[in-house]
Every structure is written in C-alpha cells, then in structure tokens.
Amino acid sequence: MAESEKSGGWAMAGIGLGIGVVLGLCLAPPSQPSQPTNPSLRTLDANLWLQTSGEFRALCLQTYRMAGERLKELRKEPARDGKKDAVVMDLDETVLDNSPFQTSLFRDGTVYSDERWGAWESGHPEEVRAVPGAVEFIAAAEKDGATVHYITNRKEGSRKPTIAALKHLGISIEGIDARLHLMKNKERDKEERRQAVRAKYRMVMLVGDTLSDFSSEFTPAKADAGDPKALQDAINERNAKVEKLRRDRWGAEWIVIPNSSYGEWTRMAGNDPLKVMNPTTLKP
Ligand SMILES: [Mg+2]
C-alpha cells in the first residue's frame with residue numbers, strides 16, 4: 001500500500017472516530033448532578049434491623065424472659081443485711097425505644113447532635129416506644145417485691161419528660177423521684193450512681209444496652225478515629241474484658257439488650273471500617 005493511501009486511511013478513520021465521539025456525546029443521557037451522600041447511611045441497616053426485624057423482637061423477648069427467671073432465682077435467698085432488692089436498669093434502648101429519633105436523622109440527612117437529642121428527649125415523650133419485653137419484666141419484678149431503679153444519662157433537666165415517657169408506656173412511676181437517677185453535671189460515668197443504689201439496696205441485677213451500664217471498666221480507651229492500630233487495640237482490650245474477665249456475669253447478673261444502632265462501640269469503628277473488620281485472603 002502506498003504511503004499516501006495509508007495516511008488517507010488514517011485520516012478517514014480519525015474523522016469516523018471523531019463523528020462517533022460527537023454522536024456518542026449527543027446520544028448519552030444528560031449527566032445527573034451528583035447527590036450528596038446521606039451521612040446517616042452508615043447506620044441505615046442497623047436501624048432497619050431494630051425497627052423492622054422480628055429477630056430483634058424475638059431476641060429482646062427471649063432476653064427479658066430469661067432475665068425474669070434469673071431474677072426470681074437470685075432473690076430466693078433474702079439479703080443477709082436485710083436490705084431490699086433492687087434491679088438497676090438503663091433507660092434508652094434498654095427500656096425506651098428511641099428509634100423514631102434515628103428515623104429523623106436519616107430523613108433529614110444529618111447525624112446525632114446534642115441539640116437534636118435534647119429536642120427529642122424533652123419534647124417527644126409520647127413518641128418513645130417500649131423495647132419488647134421491658135414493660136412486662138419491670139411489672140413482674142415490682143410485683144415480686146424488687147425495686148426498679150433507672151440509671152440513665154438523660155439530663156436532670158429532662159426529668160419531667162422522662163417520667164412522662166415511662167408513664168406513657170404504662171410503667172409504674174410510683175416513688176419515681178427516688179428511683180430515677182439522671183445525669184448531673186455532665187458526668188456520664190454511672191459508677192457513683194450505682195454506688196448510691198448499693199448503699200441502700202442489694203443490687204441483684206443490672207440491665208443495659210451498652211457495657212458502661214454494667215461497669216466503668218468497659219469505658220473504651222480514647223483512640224484517634226484515623227488511627228487503625230489504636231482502634232484495633234481498644235477493640236481487642238474491651239472484647240477481652242467481656243470474654244474473659246467478666247464472662248461469668250453475662251446472663252447471670254448482667255443482662256444485655258441488643259442495640260445495633262449506636263453505643264460506645266461505634267467510637268472504635270473509626271473512619272475506615274475496613275481497617276477494623278476481620279481480614280480475609282479471599283480474592284475477587
Ligand atoms: Mg442505653
């Protein structure tokens with residue numbers, strides 16, 4: 001083939017390609033403006049599991065049923081010092097189901113803030129739901145003679161709406177002021193409040209959805225969300241305490257209610273979840 005024919009062929013091919021590109025651009029659907037990602041997307045399935053799954057309900061009913069049976073066992077022998085028996089319960093996501101609050105975060109494309117939680121806590125007690133089995137467990141414990149105390153990190157200023165939420169769910173509020181231990185002076189640690197209950201009662205059972213509802217020893221070590229090594233160390237340390245140090249407590253005196261939506265554990269999940277997930281050698 002002559003040199004001129006070759007260059008002519010390349011020229012034709014170039015023109016053809018150019019027309020193809022132009023046609024392609026003309027026929028392509030107009031590009032959509034990119035949608036900002038909803039910051040609550042990360043917890044969407046966790047919230048759906050809590051709000052819609054029968055499995056969550058069954059798990060709560062199972063836990064509260066076993067807690068009730070265990071409580072009767074623990075109370076068979078009266079306290080030697082004559083103290084009355086107390087059951088200490090957390091409120092949010094242990095007794096009170098605040099999942100509509102999580103709905104609001106997803107609907108509005110935002111994340112938790114103290115201001116928004118404050119508005120929920122103080123202004124919407126009638127929208128709070130009950131964790132399955134909690135109301136019945138409390139009623140049975142009280143009928144059996146135990147005193148139920150609530151140690152919660154709801155603020156002292158929210159005492160009235162918190163009592164309103166309990167009342168709305170049909171939970172007894174008799175003598176509630178002495179039994180409702182809210183957060184004072186932004187002190188989140190519950191140990192002092194547990195000690196105050198222990199001073200007057202035999203504390204036979206603790207019920208909560210986050211490990212600090214049971215003991216301050218589980219409070220996660222502070223780790224930088226961008227430091228995977230520190231995050232993994234904090235996760236390992238906390239899990240070792242759960243699995244070894246306090247293994248005998250779970251289901252015996254300490255009753256845990258599942259909460260996939262939020263909790264201290266999320267502090268250790270970090271910015272890049274893949275860095276703290278269990279590794280695998282599986283290739284695509
Ligand atoms: Mg809670």
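So, counting K/R as plus one and D/E as minus one, what does the shell of residues with Cβ under 15 Å around Asp233 add up to?
+3
When the gyration tensor of the chain is built from Cα positions, what are the square roots of 5 times its three eigenvalues, in whole Å, from largest to smallest?
55, 23, 17
Can you give the extra length, in nm with one decimal, that the chain gains between Thr37 and Ala196 once fully stretched, where that is 0.36 nm per residue apart less the Cα-Cα distance?
So the chain would gain 52.7 nm between Thr37 and Ala196.
Kindly put Thr152, Thr103 in sequence by how many other C-beta atoms sit within 10 Å of each C-beta, fewest to most.
Fewest-to-most Cβ neighbours within 10 Å comes out as Thr103, Thr152.
With 10 angstrom as the radius, rank Ile257, Ile235 by how many other C-beta atoms surround their C-beta, starting from the fewest.
Ranking Ile257, Ile235 by Cβ neighbours within 10 Å, fewest first, gives Ile235, Ile257.
Just grab the label-to-label distance for Ile173 and Asn271, each label 7 Å out from Cα along the Cβ direction, in nm (one decimal).
Distance between label points: 4.5 nm.
Would you mind ranking Tyr64, Tyr150 by Cβ crowding within 10 Å, fewest neighbours first?
Tyr64, Tyr150
If R₀ is 51 angstrom, what is the calculated FRET efficiency for the pair Lys184 and Leu282, using the beta carbon separation as r and rounding to 0.05?
Calculated transfer efficiency: 0.50.
Sequence gap at least 6, Cα distance under 8 Å: using those rules, report the relative contact order of the stretch 125-198 to the nearest whole percent.
39
Since every read-out is calculated from the coordinates, none of them should be taken as a lab result. These numbers come from a predicted model, not from an experiment. Positions of Cβ are backbone-derived with ideal geometry, glycine not excepted, and every protein chain shown enters the neighbour counts.
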